[in-house]
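Bear in mind that the values in this text are calculations on the coordinates, not laboratory data. Just so you know, these numbers come straight off a predicted model, no measurement behind them. Here the Cβ positions follow ideal geometry from the backbone for every residue, glycine too, while neighbour counts run over all protein chains shown.
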Amino acid sequence: MSVVEKAIQKLRAERRPVGAPGEATAPAGTDLSAPKPETAPTRAGGGSRVRPPGIVLDRDALRVAGLLPPDAEAGALAREYRKIKRPLVARAIGREVPRAPKGHL
């Protein structure tokens, strides 16, 4: 067994409850770390394929914990960020407006 696998087993054995010092608190019964297998539709439209291993985010649990906005507000929030971001990016790269000095910063 590799050092990484041993460390993972040790962490699982010592799993601290949510709300331990240094951790964000979440409502009881919310498991933010539980990976859930995801499937994605294939291009041909038939069946699905399993996604490669990686980080899986449980957006519903993050919303319950207050780390993401509710679905109803997410679109409006994204539009507000775009209103701010697009002029800044255009000015930084000089798209349709004079380029700002040191605009890339």
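Can you give the extra length, in nm with one decimal, that the chain gains between residue 73 and residue 95 once fully stretched, where that is 0.36 nm per residue apart less the Cα-Cα distance?
Roughly 4.9 nm would be gained on extension.
For a label point 7 Å from the Cα of residue 102 along Cα→C-beta, name the residues of region 59-94 whose backbone N is under 20 Å from it.
Counting only backbone N, you get 88-94.
Calculate, in nm to one decimal, what residue 86 and residue 12 gain on full extension: separation in residues at 0.36 nm each, minus their alpha carbon distance.
Numbers: separation 74, 0.36 × 74 = 26.64 nm, distance 4.39 nm.
Residue separation times 0.36 nm, minus the Cα-Cα distance, leaves 22.3 nm.
Taking K and R as +1 and D and E as -1, what net charge do the other residues with C-beta under 12 Å from the C-beta of residue 76 add up to?
Spelling it out: positives minus negatives among the neighbours equals 0.
Write down the Å³ per residue value for the convex hull defined by the alpha carbon atoms of region 59-105.
Once divided by residue count, the hull of region 59-105 is 88 Å³.
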